[in-house]
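Notes to accompany the following structure.
The values are calculated or read from the model by the stated rules, or taken from the named source; none is laboratory data. If you're wondering where the values come from, they're calculated on a predicted model, not measured in any experiment. Here the Cβ positions follow ideal geometry from the backbone for every residue, glycine too, while neighbour counts run over all protein chains shown. The protein model used for the area step is the full one, side chains on, heavy atoms only, and it has no ligands, DNA or RNA in it. Shrake-Rupley method; radii C 1.70, N 1.55, O 1.52, S 1.80 Å.
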Amino acid sequence: MAINMETAINNMYALKNRGIKYSMYGSRTGADGTGDCSGTVYDSIRKAGASDAGWVLNTDSLHNWLLQNTFECIATNKEWTAKRGDVVIFGPKGASGGSAGHVVIFISNTQVIHCTYKSATANGVYVDNEAAGCPYSMGWYVYRLKVSSSGSETPNIKKGGDIMLLFKENGRVYLLVGNQYTYVKNPTDLSAIKTMMTKAGYDTHEHTNVTQVAYIKRVATEK
């Protein structure tokens, strides 16, 4: 069965919407309302078509499992052009289990979705910008599916280039393209934009995280 990373990302969003809490000692997949970084990513990719490892993998054991499931390691501790669906494991291979490692899924070239512990009152699945969600100081390994479910490479989202996403502030929905964003006034236009974005392989989630929105408005300009 071909792996569809859109299914994996959608499962992560479903866990986010359910409000699961972070824990390394429960189901780790969200099944009991708790999860951790590797457990949620493993289960999401498994539900997207990957093989059942027979147990809930940790960050260390994800490496070989991803390779066995048509992923390839495209970068280790070096810059790369991020794509939606990239899986990034942090921490030294062979010693990244438990709190010594982390794993995220990129949902655009600058954003990730992951299960993380920020504080006693802020933990679970979050969408964060790359700077906030990626602990690069631990070292990193980037895994990407060799082919998409259609047999072709997934759409490329170039850093600093043709990123496209939606965000919402004060009830208004904005479309970000590259380094410019525009208020989408007409619901019909918004529907058409989402259809176009879906066909192009972009995320149509309307991002509302205050920190994330502030970051977008700081680095981009309104037109």
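Hey, among the residues in region 69-109 that are open to solvent by 20 Å² or more (accessible area, probe 1.4 Å) and of a type in the set (D, E, K, R), which one's farthest from the chain's Cα centre (by Cα)?
Filtering first and then ranking leaves Lys93.
Given the criterion at pLDDT below 90, over 16 Å from the mean Cα position of the chain (by Cα) and open to solvent by 30 Å² or more (accessible area, probe 1.4 Å), identify the matching residue among Gly171, Gly151, Gly178.
Just one listed residue meets the conditions, Gly151.
Of the residues that sit in region 202-223 and are out of contact with any Gly (no Cβ under 9 Å at 6 or more places or on another chain) and in a loop (DSSP other than H, G, I, E, B), which one is farthest from Leu176 (Cα to Cα)?
That would be Asn209.
So Ser44 passes all but one of these: (1) assigned to a loop (DSSP other than H, G, I, E, B); (2) under 18 Å from Arg144 (Cβ atoms); (3) at pLDDT 95 or above. Which condition number does it fail?
(1)
Please specify each residue of region 49-66 satisfying the condition of being under 24 Å from Ser99 (Cβ atoms) and either touching a residue at least 24 places away in the same chain (Cβ under 8 Å) or of a type in the set (S, T, N, Q) (or both).
Val56, Asn58, Thr59, Asp60, Ser61, Leu62, His63, Asn64, Leu66
Which one of these does Asn186 not meet: (1) of a type outside the set (Ser, Thr, Tyr); (2) under 22 Å from Leu66 (Cβ atoms); (3) at pLDDT below 95?
Evaluating Asn186 over (1) of a type outside the set (Ser, Thr, Tyr); (2) under 22 Å from Leu66 (Cβ atoms); (3) at pLDDT below 95 leaves (2) as the failure.
Which condition from (1) under 18 Å from the mean Cα position of the chain (by Cα); (2) free of Cβ contacts under 8 Å to residues at least 24 places away in the same chain is the one that Ile20 breaks?
Among (1) under 18 Å from the mean Cα position of the chain (by Cα); (2) free of Cβ contacts under 8 Å to residues at least 24 places away in the same chain, Ile20 violates only (2).
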